[in-house]
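Enquirer: Would you mind keeping the following structure in view while I ask a few things?
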Amino acid sequence: MKATKKLIQVLYIIIKTRKNDLAMPVIITFLFENIGDFLEPKFSVITGLFFIFLIFSVYCIYKIYSWTKASHVQIPITQEKIFTASGGLNEDLSKGLLLSFIGLSISTVFLILQLFFSNNNKGALASLLPQLQPIQQTLLNIDKKLDTISNKLDNVKKETSDNARKELQNMGVAWNGKNFLDAVKTGDMIVTSLFLRGGMRPETAESDGRSLAIMLSLNGYNPDKILTLLLEYGLDINYPFPQFSALGDMKTTLLGRAIETGNIKLADALLKNNADTKSPLQTYGQMGIAIDKYPLQSAIYWKRKKITLLLLDADTDIAVGDFAAYRQAYLMKDDRYWKENEDALKQILVKTAPSGKNAEKINTELRIQEIENELNSITKKMWESYTNTYKKAEYEKRSEVLQDEKKKLQSKLTSLQ
């Protein structure tokens with residue numbers, strides 16, 4: 001009994017304290033949001049609101065009752081005891097209680113009006129106030145028109161389901177290469193499929209100068225699935241796509257772009273679908289100038305360890321380009337990336353290495369190339385240190401040693417020809 005008395009006092013203080021802050025804004029908002037339901041004969045909506053507020057009110061009262069027991073607050077109960085910062089009642093709970101009471105009261109009033117004063121054709125307010133009946137009728141007419149429009153749209157969609165271009169139009173997607181390639185890039189299977197069904201040519205589609213090869217390589221989500229879809233519609237997996245470079249346009253392939261961007265999923269899917277790994281492809285060299293490199297060689301050049309290993313696992317021919325992949329790996333031994341992945345580079349060198357007479361000839365050629373690179377570097381350093389006679393003499397000595405080694409290797413190379 002004492003607990004009940006305490007609960008009643010707490011509820012009274014909450015309502016008294018919070019009513020000025022919340023009552024009018026809540027009532028106005030509630031009426032504006034639900035006025036259409038009260039004007040029209042939507043009995044089920046009002047009933048639903050009533051039970052929602054009822055359940056929430058019971059929940060709030062239960063939580064407040066639990067607090068009165070746990071806090072050991074003593075009668076008389078004051079506002080300070082309830083809303084104190086330390087050990088007081090949760091402010092959100094008190095607001096929630098008042099909100100639920102207001103909602104419960106309003107929905108109860110309209111529920112009674114709906115039950116006793118309205119008929120099947122009029123809402124509660126429209127039944128009591130004839131002036132509101134035209135508004136109620138307008139709302140009902142709007143509902144009917146919306147239902148009619150919805151049915152017509154459903155019929156339109158059914159009629160055009162076999163026309164891909166109309167389907168795209170219904171979705172608000174314009175028929176152009178940019179939207180098609182955007183769908184490819186984001187991995188939108190539905191839109192991509194509709195464009196292909198509608199006759200879009202993926203080889204010639206462009207998005208701000210970017211081809212399919214570029215946009216598909218930027219898909220990090222499902223490039224494998226998009227590729228499968230493109231191949232089903234007849235895409236040439238080795239098609240040479242145009243790509244901008246510093247000195248004019250160059251040609252790239254899907255595999256070439258997958259290597260450049262490091263798209264492992266796409267590279268793996270291309271290899272599984274037998275993309276060409278024996279022909280050279282164009283890629284970017286110094287200053288953006290186009291250079292020719294074979295796929296495996298290009299993967300090493302672009303420092304794509306995982307794609308390089310994928311190519312090797314796919315039994316890529318290591319002899320193409322006169323063992324171009326091995327030559328590339330050998331010359332990049334001092335590269336920072338490959339030094340950090342030394343074990344992987346060793347594995348690549350072993351798997352791509354030539355054998356027999358080829359091995360001796362190629363290793364000799366590569367050593368000569370290394371010497372020439374070092375001589376060029378020494379020449380530059382000598383010019384930079386022309387005032388330091390000690391360093392200059394040191395560089396000259398090293399240059400003589402390298403020149404002698406180069407002559408011997410060139411003689412050896414001549415004998416191997």
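The values are calculated or read from the model by the stated rules, or taken from the named source; none is laboratory data. This structure is a prediction, so every number in the text was calculated from the model and none was measured. Here Cβ is always computed from backbone atoms with ideal geometry, including for glycine, and neighbour counts include all displayed protein chains.
Enquirer: List every residue pair whose Cβ atoms sit under 6 Å apart, with the two residues 6 or more apart in sequence or on different chains, where the first one lies in region 290-319 and is under 17 Å from LEU254 (Cα atoms) and the second, anywhere, is surrounded by fewer than 24 Cβ atoms within 10 Å (Cβ to Cβ) and among the hydroxyl-bearing types (Ser, Thr, Tyr).
Expert: Short answer, once both residue conditions are applied: ALA290/SER245; LYS293/THR283; PRO295/THR277; LEU296/THR316; SER298/THR283; THR316/THR277.
Enquirer: Right, next: Take region 340-362 and flag every residue that is touching a residue at least 12 places away in the same chain (Cβ under 8 Å) and more than 21 Å from ALA299 (Cβ to Cβ).
Expert: Matches in region 340-362: LYS357, ASN358, GLU360, LYS361.
Enquirer: A further question follows. Taking helices (runs of 4 or more DSSP H) that do not extend beyond region 165-281, which have at least 2 residues that are of a type in the set (D, E, K, R) and closer than 28 Å to ALA319 by Cβ?
Expert: It comes to 254-261, 264-272.
Enquirer: Of the numbered conditions (1) more than 22 Å from LYS333 (Cβ to Cβ); (2) at pLDDT below 90, LYS407 satisfies every one except a single condition; which is it?
Expert: Single failed check for LYS407: (2).
Enquirer: Related question: Right, TYR395: farther than 28 Å from ALA324 by Cβ, in a helix (DSSP H, G or I) and within 55 Å of the chain's Cα centre (by Cα) or not?
Expert: The answer is yes for TYR395.
Enquirer: While we're looking at this one, here's another question. Kindly check whether there is at least one residue in region 258-267 that is modelled with pLDDT under 95, surrounded by 22 or more Cβ atoms within 10 Å (Cβ to Cβ), polar (S, T, N, Q) and within 28 Å of the chain's Cα centre (by Cα). Write out each step before concluding.
Expert: Applying the first criterion (modelled with pLDDT under 95) to region 258-267 yields none.
Among the residues of region 258-267, not one is modelled with pLDDT under 95, surrounded by 22 or more Cβ atoms within 10 Å (Cβ to Cβ), polar (S, T, N, Q) and within 28 Å of the chain's Cα centre (by Cα), which makes the answer no.
Enquirer: A further question on this structure: Mind listing whichever residues of region 350-362 are surrounded by fewer than 16 Cβ atoms within 10 Å (Cβ to Cβ) and either under 12 Å from LEU416 (Cβ atoms) or not small (Gly, Ala, Ser) (or both)?
Expert: Once the filter is applied, which keeps residues that are surrounded by fewer than 16 Cβ atoms within 10 Å (Cβ to Cβ) and either under 12 Å from LEU416 (Cβ atoms) or not small (Gly, Ala, Ser) (or both), region 350-362 yields VAL350, GLY356, LYS357, ASN358, ALA359, GLU360.
Enquirer: Would you call THR252 crowded, with 16+ Cβ neighbours inside 10 Å and β-branched (Val, Ile, Thr)?
Expert: yes
Enquirer: Just to be sure I understand the filter: pairs with C-beta atoms under 8 Å, separated by 6 or more residues or on different chains, first member in region 269-280 and modelled with pLDDT of 95 or more and hydrophobic (A, V, I, L, M, F, W, C), second member outside any helix (DSSP H, G or I) and surrounded by 13 or more Cβ atoms within 10 Å (Cβ to Cβ). Which pairs pass?
Expert: LEU270/ILE237; LEU271/THR277; LEU271/ALA314; ALA275/ILE237; ALA275/ASN238; ALA275/THR253
Enquirer: Here's another thing I want to ask about it. If you scan region 270-322, which residues turn out to be within 29 Å of the chain's Cα centre (by Cα) and of a type in the set (Lys, Arg)?
Expert: LYS272, LYS303, ARG304, LYS305, LYS306
Enquirer: Output the helices (runs of 4 or more DSSP H) that fall wholly within region 285-370 and possess 1 or more residues being among the charged types (D, E, K, R) and out of contact with any Gly (no Cβ under 9 Å at 6 or more places or on another chain), or say none.
Expert: 305-313, 320-331, 336-340, 342-352
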